[in-house]
Amino acid sequence: MASLYTKTKLYIQANSSTWDDTKVSLQNDGSGDYIKIWTYSFAKPNDSKIAEYETAGNTAETNAGIDATRRSQYGSWEFQMEMIYKDQKNGTSTFKDHCDKVKSDNPKG
């Protein structure tokens, strides 16, 4: 189940805006998450509107996890630059092959 944060963020983006901590605040008083503050110029989403973003929210959260795994497996930027330098010097494709393997080992849905 996607978090309220993710679904709310997607709703805000669908309304051509971005998350702004001065315009929206989520809270949980022990009985579940809810939108406490909403000062955007468009309508605050009700529960049924937020529910419409469940599938997209699940996809976004899954892809965020895959992105984090990929970032760790790509290695540091110094490591990547060294591969690129050696590829250009030696006419090899080590960097491209490495990136292809990271992507194939961690596919997005």
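Only the coordinates and a few stated rules stand behind these numbers; no lab work does. Computed from a prediction, not measured in an experiment: that's the story for all the values here. Virtual Cβ from ideal backbone geometry, glycine too; neighbours counted across all protein chains shown.
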Open item on the list: Let's test the formula: R0 of 41 Å, r as the Cβ-Cβ distance of N90 and A68. What FRET efficiency results, to the nearest 0.05?
Closed with: 0.85
TODO: Set the Förster radius R0 to 22 Å, insert the Cβ-Cβ distance between K101 and N58 as r into 1/(1 + (r/R0)^6), and round the FRET efficiency to 0.05.
DONE: 0.25
- [ ] Work the Kirkwood hydrodynamic radius out for the range 1-74: mean of 1/r over every pair of different alpha-carbon atoms, inverted, in Å.
- [x] 13.3
- [ ] Would you calculate a helix-derived [θ] at 222 nm for the chain, using -39,500 (n - 2.57) for each DSSP H run of n ≥ 4 and dividing by the full residue count, to the nearest 500?
- [x] -18000 deg cm²/dmol
Open item on the list: Counting only pairs 8 or more residues apart or on different chains, how many lysine pairs in the chain have their Cα atoms under 24 Å apart?
Closed with: 20
Task: Neighbourhood charge, 14 Å Cβ-Cβ cut-off, centred on A14 and excluding it, Lys, Arg +1 and Asp, Glu -1 - done: +2
